[in-house]
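K.L.:
Can you keep this structure in mind? I'll have questions shortly.
The values are calculated or read from the model by the stated rules, or taken from the named source; none is laboratory data. No experiment lies behind these values; they were computed from the predicted model shown. Surface areas here come from the heavy atoms of the whole protein model, side chains and all, with no ligands, DNA or RNA. Shrake-Rupley method; radii C 1.70, N 1.55, O 1.52, S 1.80 Å.
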Amino acid sequence: MSAATGDAEIDAPGAAGHGFSRLARQVGRTIVDYALPPRCPGCGVIVGEDRQFCLGCWTSLHFLDGPACARCSIPLPTAVPGEDVVCGACMADAPPFDGAPSVVAYGAVARTVALRLKYGRRTGHARLMAQFMVRRLATLGPSENMVLVPVPLHRWRLWSRGFNQAALVVDALARLTGAAHDHHLLVRSKATVPLRGKGRRERARIVAGAFALAPQANFRAAGRHLVLIDDVHASGATLRAAAKALQRSGAARVSALTWARVVPDALMTGNIFDFADVDSDMHDERMR
């Protein structure tokens with residue numbers, strides 16, 4: 001028996017074992033797909049792949065990839081693409097972050113995805129959001145110097161919910177992009193009442209001073225580009241308060257990134273809700 005023949009005979013059982021394992025996985029996946037087929041995260045109808053929207057939900061999403069304010073990223077449909085234009089609100093009161101892009105306008109489908117993650121415990125929706133947020137994250141600059149920072153929950157809310165949805169999105173984004181992330185750079189030092197239904201000024205008052213830097217945050221953040229991550233950008237009160245705290249860390253730059261953004265009807269029509277009904281701190285609504 002030649003050496004080559006002997007090697008082949010020795011390797012054959014292992015190869016057969018690997019083949020059987022692959023076959024077992026394929027059979028297992030087929031059984032699972034039959035029992036629990038992939039469903040649209042927007043409406044629940046059966047779709048071809050995991051984390052895939054059906055045609056109806058997909059076409060109803062309004063992607064925010066057009067001209068926008070260079071500071072807060074609010075859509076500016078009349079602006080010339082490629083030009084750095086600042087909206088009137090940012091001229092009057094500049095936000096403490098440099099860019100805050102969102103993937104989609106907040107509407108029925110975007111709202112369902114966010115609520116099912118937050119209150120329906122559909123934690124896989126964090127990966128769905130992250131897949132779409134990767135491209136928007138790239139518009140903020142190279143990922144090499146970035147640190148992704150989730151907007152934190154107060155410990156009481158974290159204990160009651162069991163997880164921080166922003167932290168789950170950060171984990172998924174970090175896996176997809178290789179960007180650094182720090183769940184403990186920022187802490188929520190003050191419990192706040194739900195912001196739903198509150199006006200812009202009232203929201204700002206409620207979250208003022210609600211965030212603080214963790215011990216040694218300056219050492220971990222100095223010279224870095226910090227990117228706040230949250231699910232929904234409504235009035236911006238939460239993002240502003242969190243960004244103000246991060247500015248004290250010695251970071252070179254602070255930005256923000258969210259899955260969905262409430263856009264005023266004056267800028268866009270259809271699929272839009274009033275900002276007073278929602279926020280990154282949505283608390284009262286529950287998915288059935």
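K.L.:
With a 1.4 Å probe and all protein chains left in place, how much accessible area per residue does the range 113-186 have, in Å²?
P.N.:
Accessible area per residue, the range 113-186: 43 Å².
K.L.:
Quick one: with all protein chains in place, what share of the accessible area of the range 213-265 is carbon or sulfur, to the nearest percent (1.4 Å probe)?
P.N.:
51
K.L.:
Still on this structure, I have one more. Given the whole protein assembly as supplied and a 1.4 Å probe, what does the accessible area of E144 come to in Å², nearest 10?
P.N.:
150
K.L.:
Obtain the radius of gyration and the Kirkwood radius of the range 137-209 from its C-alpha atoms and give Rg over Rh.
P.N.:
1.04
K.L.:
Continuing with the same structure: Quantify, in whole percent, the carbon and sulfur part of the accessible surface of the range 135-206 (1.4 Å probe; protein heavy atoms only).
P.N.:
Of all accessible area on the range 135-206, carbon and sulfur atoms account for 56 percent.
K.L.:
Please provide three numbers in whole Å: the alpha-carbon extents of the range 33-151 along the principal axes, with the largest listed first.
P.N.:
Here the Cα extents, ordered largest to smallest, are 54, 32, 25 Å.
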